[in-house]
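The values are calculated or read from the model by the stated rules, or taken from the named source; none is laboratory data. From a predicted model like this one, the values you see are computed outputs, not experimental measurements. Neighbour counts are summed over all protein chains in view; Cβ atoms, including those assigned to glycine, are modelled from backbone coordinates with ideal geometry.
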Amino acid sequence: MINILSFVQEIQQAYSRLTNLTLLIVDEKGNEITKITGENSFSNLVYHDFFKEQVLEGFLQPLSKIKQVVTLDTVLGPKMLVSPIYINEKLSYYILAGSIVEENSREFIKKNIMEQVENPDEYIQALDYSISNTTAKEISNKVDMVKKLTHIISSHLNSEFERKNSSQFLSKVNQNLDEIKTGVTTISSFIGGFDLSRTKIDFLGIAMEREEGQYYVEAIIGENTEAIKGYCFQLGEGFFGRTLVTETPQFWKNISNDPRVNIFTANGLEPKSLVCTPIFDNQRIKGVLFAGSNNEELDEEISYERSAIFANMLSLHLTIDQLKEEQQNHLMKLSTFNEIFRVITSVDDIKRVLYILVDISINLIRGSFSTIIFKPEQGESRVEIISRGLSSDQINDYCHDVALRAFSKDNSMDYDVRNPIQKSTSWGANVLEFPLVYNNQLYGVLCVAIQPKVDPENYKSFLSTLAIAGGIAIHLRLNQTGIGTENYKVNLLYKAMKGLNKDKFTFTTKVSELVENFSQTIKESFSKSLKDASLLVGYEFYFIKENVSDKKIIAILQGCNDLLQGNSTSHSEYSKESEILALIYYYVQKKEKIDETNKLVNISPAVRSQFKDFINKNNVLESEIVLNLDKKPDNIQNKETVIKEELNLSTRELEVLKLVLKGCSNNEIAQTLFISDHTVKNHMTKILNKVGASDRAQAIAKVYQMGYSSSM
Amino acid sequence: MESIQINPLTVECTLFFQENPYTFETLSGLGTRLGRKPEDLRPVLDELVTNTILEIMGTGDNAIYRYNQPKSVDMNGLMI
């Protein structure tokens with residue numbers, strides 16, 4: 001600013017000499033912008049005595065509409081020139097130039113001075129000394145000179161204004177790009193902080209699509225624009241809607257009488273020009289950037305250009321956001337797939353694999369049903385149906401049809417795992433059928449109903465991948481027990497024992513069951529090898545060593561053998577699996593007398609203690625079951641009685657418990673039983689104590705475990 | 001572009017109930033067991049109930065959720 005002022009001051013000084021006029025630049029309120037220049041003592045006297053700031057403001061007020069140099073009579077008679085300086089088409093400053101004394105007017109001026117000032121001699125002396133008479137031609141020359149000065153100064157100030165304006169625009173562009181880069185952009189921040197006072201624009205806003213076909217003004221800046229925020233419009237509606245339909249930038253001038261301007265006038269704005277630029281999100285129109293002016297017409301070219309830059313940045317921001325979201329969604333899909341695959345390939349039970357496929361597919365598609373038609377054994381006619389959302393009649397109808405189509409020897413369909421078959425059921429549901437196949441072996445068909453009006457293409461990729469994983473998982477499960485596998489060999493040896501030696505078979509079965517139950521009780525997931533090893537304990541070790549190749553099974557049996565024969569010196573020599581197998585073997589061998597197991601040395605104290613606990617609890621549980629059987633648990637009334645007696649509940653406590661099981665709150669129980677909340681709380685405390693539970697959920701679970709059913 | 005959305009929490013809850021088919025739990029109990037906030041779990045459980053994967057007993061905070069095993073039927077002697 002100092003440089004600009006200094007330049008203007010110098011130019012003004014030069015023109016004072018050229019025109020022989022006193023010159024000064026003031027703003028619209030009369031504040032001095034430059035220092036007074038020119039060796040004109042009369043003008044200086046007049047300015048200091050008659051043009052105090054307030055006087056000058058009043059003097060300038062009627063001149064607010066002038067467009068070029070005007071000649072005015074001053075209070076003492078000499079003339080002065082006033083020239084307006086427009087910046088960005090707005091009257092911003094005045095050049096004051098004086099004083100001019102016309103031919104034949106000097107005596108009149110002197111007379112005026114004599115009448116109006118206190119020290120007329122000083123004024124008259126200054127007038128005669130500093131101002132000569134000016135001819136009409138000379139006045140015209142001076143007017144031209146002041147016009148040139150005005151042109152020079154306004155050009156300079158306008159270019160400076162443009163430079164600052166561009167600089168502000170570029171700085172905002174930079175800020176927005178920075179925010180896009182760091183991911184902190186919001187619609188409001190995109191236009192927030194933009195100084196409109198330096199531009200011709202009076203309001204700037206963004207409208208975005210919130211729901212299909214509904215657009216809202218999400219952000220707007222400018223005076224009196226608050227009420228427009230939240231304005232809703234549709235495609236084709238008004239100026240904004242028109243831009244959305246054409247998908248091209250639009251510029252309107254002289255819109256004061258256009259009926260579409262109503263949205264602004266209704267909210268106190270009277271725009272003259274309006275520019276609207278579409279905003280895209282990955283080539284799909286998502287909104288409009290708009291800017292308008294109330295006082296002056298906007299420059300079409302600049303408006304288009306700058307709006308386009310802002311709108312493109314917004315489009316870039318939206319596209320980046322969408323890509324980020326897609327990437328996030330993709331990663332989430334992958335990690336979810338990973339979790340599903342991890343479970344599907346690690347569970348032992350094939351039925352669980354089928355449940356996962358049915359449940360995950362219905363979760364995803366949210367259709368009316370999901371079902372698997374599964375053929376567990378090739379060559380046999382048995383088919384298993386796992387379904388969710390189908391009635392028995394629908395199973396008989398649709399699943400039967402799928403089974404015939406998939407597994408019929410004469411009429412089997414060719415399933416392509418990547419291109420599921422799309423079918424309709426007899427009751428009109430649309431279904432996608434995916435084969436559960438591995439290595440050309442069809443194990444089943446996953447059939448998922450899709451919602452009406454939903455594009456099946458959206459789901460094909462996910463479901464076919466799920467079906468492929470399902471096919472592999474089923475194949476793995478089936479082949480773990482297939483002919484020729486180690487598993488098959490173990491099972492065959494175990495079954496063969498039944499024919500060879502029935503007592504040993506019974507003994508082995510007992511050991512194997514205890515191993516399984518004990519492993520589950522201590523909540524340790526031992527390898528499948530322990531279970532397999534337990535099925536082979538009836539055989540001599542050397543025979544197993546020669547015929548079974550699984551090293552883990554051999555190691556467990558070797559350890560068990562050594563422990564049983566007392567060949568070991570320490571339990572730490574063997575795996576925990578060997579210790580468990582040896583301990584259980586010994587326990588069964590000694591007619592299931594737990595104290596006898598103390599004689600088996602080199603078993604770690606921890607395993608021994610866990611096993612004793614397990615056996616003791618098991619004995620209690622068995623006697624409870626016997627008790628239940630005696631009391632006919634199938635009878636609902638009897639079950640209630642059993643629960644009441646076993647838990648030692650009073651009749652009232654049983655009533656409270658039944659309501660708790662129905663999910664009633666304390667207040668609801670109090671109202672139902674016509675007792676106070678406090679009494680219910682007392683009953684609840686006693687019930688929890690008697691059930692041995694810490695909260696309601698635990699109590700409910702325990703009661704259900706005792707055989708309670710919701711129909712009671 | 002696929003428009004399907006997979007909610008990992010839905011999958012987590014489904015697999016949890018499949019793994020523990022005899023679980024009877026309240027919302028807060030499940031929150032503790034899964035290490036999730038009840039307010040995050042509630043919409044997921046509601047969705048699982050809508051999809052018939054879970055059954056709900058009772059209402060409000062004391063409502064109990066449990067797994068609803070898919071129907072399993074054998075079809076013998078098909079003419080295949």
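Overview of values
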read-out: Matching residues in segment A:580-610 - criterion: being acidic (Asp, Glu) and closer than 18 Å to A:Lys510 by Cβ; value: A:Glu592, A:Glu596
read-out: So A:Leu45, is it modelled with pLDDT under 90, of a type in the set (A, V, I, L, M) and more than 15 Å from A:Tyr94 (Cα to Cα); value: yes
read-out: Where A:Gln250 falls short, out of the listed (1) within 22 Å of A:Asn312 (Cα to Cα); (2) in contact with a helix residue (DSSP H, G or I) (Cβ under 7 Å, 6 or more places away or on another chain); (3) modelled with pLDDT under 90; value: (3)
read-out: Matching helices (runs of 4 or more DSSP H) fully within segment A:119-222 where at least 3 residues are on the phi < 0 side of the Ramachandran plot and among the hydroxyl-bearing types (Ser, Thr, Tyr); value: A:120-130, A:136-182
read-out: Complete set of residues in segment B:44-63 that are part of a helix (DSSP H, G or I) and under 11 Å from the mean Cα position of the chain (by Cα); value: B:Val44, B:Leu45, B:Asp46, B:Glu47, B:Leu48, B:Val49, B:Thr50
read-out: Inter-residue pairs, beta-carbon under 6 Å, first within 20 Å of A:Leu170 (Cα to Cα) and in the same structural domain as A:Gly205 (by TED's automatic domain parsing) and in segment A:303-324, second assigned to a helix (DSSP H, G or I) and of a type outside the set (Asp, Glu), 6+ apart; value: A:Met313/A:Asn176; A:His317/A:Ile180
read-out: Filter result (surrounded by 13 or more Cβ atoms within 10 Å (Cβ to Cβ) and within 11 Å of chain B (Cβ to nearest Cβ)) within segment A:342-358; value: A:Val343, A:Ile344, A:Val347, A:Lys351, A:Arg352, A:Val353, A:Leu354, A:Tyr355, A:Ile356, A:Leu357, A:Val358
read-out: Odd one out for A:Asn667, checked against (1) surrounded by 13 or more Cβ atoms within 10 Å (Cβ to Cβ); (2) within 14 Å of another protein chain (Cβ to nearest Cβ); (3) modelled with pLDDT of 80 or more; value: (1)
read-out: Residue pairs meeting the criteria (Cβ under 6 Å; at least 6 apart or on separate chains; first at the interface with chain A (Cβ under 8 Å from one of its Cβ atoms) and part of a loop (DSSP other than H, G, I, E, B), in segment B:6-27; second surrounded by fewer than 22 Cβ atoms within 10 Å (Cβ to Cβ) and not hydroxyl-bearing (Ser, Thr, Tyr)); value: B:Ile6/A:Lys333
read-out: Filter result (touching a helix residue (DSSP H, G or I) at 6+ places or on another chain (Cβ under 6 Å) and surrounded by fewer than 19 Cβ atoms within 10 Å (Cβ to Cβ)) within segment A:19-48; value: A:Lys29, A:Ser41
read-out: Filtered residues of segment A:360-374 (kept if in contact with a strand residue (DSSP E or B) (Cβ under 7 Å, 6 or more places away or on another chain) and either under 20 Å from A:Leu478 (Cβ atoms) or not in a loop (DSSP other than H, G, I, E, B) (or both)); value: A:Ser361, A:Ile362, A:Ile365, A:Ser370, A:Thr371, A:Ile372, A:Ile373, A:Phe374
read-out: Count of segment B:31-54 residues which are within 17 Å of A:Leu390 (Cβ to Cβ) and either more than 7 Å from every other protein chain (Cβ to nearest Cβ) or among the basic types (Lys, Arg) (or both); value: 1
read-out: Restricting segment A:466-492 to residues that are modelled with pLDDT of 85 or more and over 15 Å from A:Pro376 (Cβ atoms), the residue that is surrounded by the most Cβ atoms within 10 Å (Cβ to Cβ); value: A:Ala467
read-out: Selection within segment A:1-55 - under 57 Å from the mean Cα position of the chain (by Cα) and of a type in the set (A, V, I, L, M, F, W, C); value: A:Met1, A:Ile2, A:Ile4, A:Leu5, A:Phe7, A:Val8, A:Val26, A:Ile33
read-out: Leading residue by the ranking (nearest to A:Leu354 (Cα to Cα)) among those in segment B:27-70 that are of a type in the set (Lys, Arg) and surrounded by 15 or more Cβ atoms within 10 Å (Cβ to Cβ); value: B:Arg66
read-out: Residue within segment A:302-322 that is under 24 Å from the mean Cα position of the chain (by Cα), surrounded by fewer than 16 Cβ atoms within 10 Å (Cβ to Cβ) and within 11 Å of chain B (Cβ to nearest Cβ) present; value: yes
read-out: Any hit, segment A:272-280, residues being part of a loop (DSSP other than H, G, I, E, B) and aliphatic (A, V, I, L, M); value: no
read-out: Selection count, segment A:359-370, where residues are in contact (Cβ under 8 Å) with a residue 12 or more places away in the chain and at the interface with another protein chain (Cβ under 7 Å from one of its Cβ atoms); value: 5
read-out: Residue tally, condition modelled with pLDDT of 75 or more and hydroxyl-bearing (Ser, Thr, Tyr), over segment A:688-706; value: 0
read-out: Subset of segment B:1-32 (residues that are charged (D, E, K, R) and over 23 Å from A:Lys662 (Cβ atoms)); value: B:Glu2, B:Glu12, B:Glu19
read-out: Only listed residue being in the same structural domain as A:Glu433 (by TED's automatic domain parsing) and surrounded by 15 or more Cβ atoms within 10 Å (Cβ to Cβ), chosen from A:Gly367, A:Gly287; value: A:Gly367
read-out: Count of residues meeting criterion [under 60 Å from the mean Cα position of the chain (by Cα) and closer than 15 Å to A:Glu32 by Cβ] in segment A:56-82; value: 2
read-out: Any hit, segment A:136-145, residues being aliphatic (A, V, I, L, M) and more than 30 Å from A:Ile11 (Cα to Cα); value: no
read-out: The one condition in (1) at the interface with chain A (Cβ under 7 Å from one of its Cβ atoms); (2) modelled with pLDDT under 90; (3) in a helix (DSSP H, G or I) that B:Ile80 fails to fulfil; value: (3)
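Yes/no per residue for (1) within 8 Å of chain B (Cβ to nearest Cβ); (2) modelled with pLDDT of 90 or more; (3) over 32 Å from the mean Cα position of the chain (by Cα); (4) in a strand (DSSP E or B):
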site: A:Pro376; (1), (2), (3), (4): no, no, yes, no
site: A:Ile385; (1), (2), (3), (4): yes, yes, yes, yes
site: A:Ile395; (1), (2), (3), (4): yes, yes, yes, no
site: A:Tyr398; (1), (2), (3), (4): no, yes, yes, no
site: A:Ser426; (1), (2), (3), (4): no, yes, yes, no
site: A:Val437; (1), (2), (3), (4): no, no, yes, yes
site: A:Val448; (1), (2), (3), (4): no, yes, no, yes
